[in-house]
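For reference, the structure is listed below as structure tokens.
The values are calculated or read from the model by the stated rules, or taken from the named source; none is laboratory data. Values in this document were obtained by computation on a predicted structure and should not be read as measured data. Here the Cβ positions follow ideal geometry from the backbone for every residue, glycine too, while neighbour counts run over all protein chains shown. Note: accessible area is taken over every heavy atom of the protein model, side chains too, but ligands, DNA and RNA are not part of it. Shrake-Rupley method; radii C 1.70, N 1.55, O 1.52, S 1.80 Å.
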Amino acid sequence: MNSVDFLQQLVDTPALLINEPVLQKNLETMAAYCTDNGIALRPHIKTHKCPEIAKRQLELGATGLVCAKLGEAEAMAEAGLGPLLVANQVIGPLKIKRLVALNKQVDISVCVSRGEHVQELVMAAHAANTILSVFVEVEVGMQRCGTNGPEATLELTRRVCAAHQLEFRGVMGYEGHAVGTKDFAARHRKAEAAHRELAFAVSLLREHGIGVPVVSAAGTGTFNLSVKPDELTEIQPGSYCLMDSDYFGYENVRDYFELACTVLTTVIDRVDNRIVLDAGLKSIAVDQGLPVVRWRQDILPFEIHEEHYCMEVERGGPVPSVGDRLELLPSHICATANLYDEFHVFCDRALVGHWPITGRGKYT
Ligand SMILES: Cc1ncc(COP(=O)(O)O)c(C=O)c1O
């Protein structure tokens, strides 16, 4: 058990903590895994939204960074980081204007999955006398965005390739339905089926003379179920760097990555065996389950409010005192990191940094 009591006078609560050596080890483990398996790594920064972590990922050989939103891409570009792939459809005049501006600053690609997307980008690139880079997003079973079937992928990609104002960078087919499946065998089956579907679409493009430089997919839950020659050229996992209790329940993930991030809280009240922490819905995400206390399996979630988390200590266990600090394990790190301005970073028993989360809250 490693205590963070030394932060008592240094960090107020609730606060997001990173154990720096654990983070670094996670980053190096994924980088080495990709090198050893001959696959490129393009990490998704939606997990941390933090330029310092993104910089470390690039230093370890990542081919670029995936962003969920244009605003996240702007935050990374502001820090001088790239190339960037926005794994999303960027539509509408306001966003397109920002994209064109960003395109002058950094190597950036966005996703398209229908004719209207292509048309809007072509017109904007034409008006700005520039070239915009795109990935064709393929729907591989998640039922989110993406072209519907190989023929549709072929037709759309042909349209992209025919447009002088666009550069076709490759295809992306994120298998989120597999990544989110807890059962390992079922996850493996779904991931294989999704990658086969993506590979089939790619082979159709190649049969029609279209070169596909990049085939991108996969998340932390499927990172090591994805390495097959002729299927993917790169993976785009996000959560592996910080991890969370949800992913720690996946055996194929837990074997590689450790929990690097916690939310530090203070006990602000207690009655009998019931304690109240100063973290709540506004400081820790609960969409993937109620967070638990690190090192204390005998403290059970009772009820969570906006700024209070009520928990019960099982009979017989030591009840923390008012003023004591406890670490909560985020169950969904991406949504939790989005609630904070900075990570407090420690190494051994020293606070070594405050890393701004400049991509947080960038929903547009
Ligand atoms: C497009 C895309 N790629 C990759 C990921 C992988 O993220 P993680 O590794 O955190 O599961 C996600 C997660 O939502 C995603 O939306």
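Filtering region 31-63 to residues that are open to solvent by less than 30 Å² (accessible area, probe 1.4 Å) and on the phi > 0 side of the Ramachandran plot leaves only Lys49.
Summed over region 193-220, residues that are within 15 Å of Tyr250 (Cβ to Cβ) and either outside any helix (DSSP H, G or I) or away from the ligand (no atom under 16 Å from the Cβ) (or both) total 2. Just so you know, in region 147-192 the residues that are open to solvent by 60 Å² or more (accessible area, probe 1.4 Å) and in a loop (DSSP other than H, G, I, E, B) include one that is nearest to the ligand (Cβ to nearest atom), and it is Lys182.
Of the helices (runs of 4 or more DSSP H) lying entirely inside region 1-101, those containing at least 1 residues that are closer than 22 Å to Gly146 by Cα, within 15 Å of the ligand (Cβ to nearest atom) and touching a strand residue (DSSP E or B) at 6+ places or on another chain (Cβ under 8 Å) are 70-78.
When Thr220 is tested against (1) within 21 Å of Arg42 (Cβ to Cβ); (2) at pLDDT 95 or above; (3) open to solvent by 10 Å² or more (accessible area, probe 1.4 Å); (4) polar (S, T, N, Q), exactly one condition is not met: (3). For Asp348, the test of being outside the structural domain of Cys50 (by TED's automatic domain parsing), within 29 Å of the chain's Cα centre (by Cα) and open to solvent by 30 Å² or more (accessible area, probe 1.4 Å) is passed. Regarding Glu28, is this residue under 17 Å from the mean Cα position of the chain (by Cα), of a type in the set (Asp, Glu) and at negative phi? Taking the combined requirement at face value, the residue satisfies it. Tallying residues that are in contact (Cβ under 8 Å) with a residue 40 or more places away in the chain, of a type in the set (D, E, K, R) and in contact with a Lys or Arg (Cβ under 9 Å, 6 or more places away or on another chain) within region 254-312 yields 1.
Among the residues of region 335-345, just one is open to solvent by 60 Å² or more (accessible area, probe 1.4 Å) and touching a Cys at 6+ places or on another chain (Cβ under 9 Å), namely Glu342.
Screening Ala68 with (1) among the hydrophobic types (A, V, I, L, M, F, W, C); (2) open to solvent by 10 Å² or more (accessible area, probe 1.4 Å); (3) in contact with a Leu (Cβ under 6 Å, 6 or more places away or on another chain) gives one miss only, at (3).
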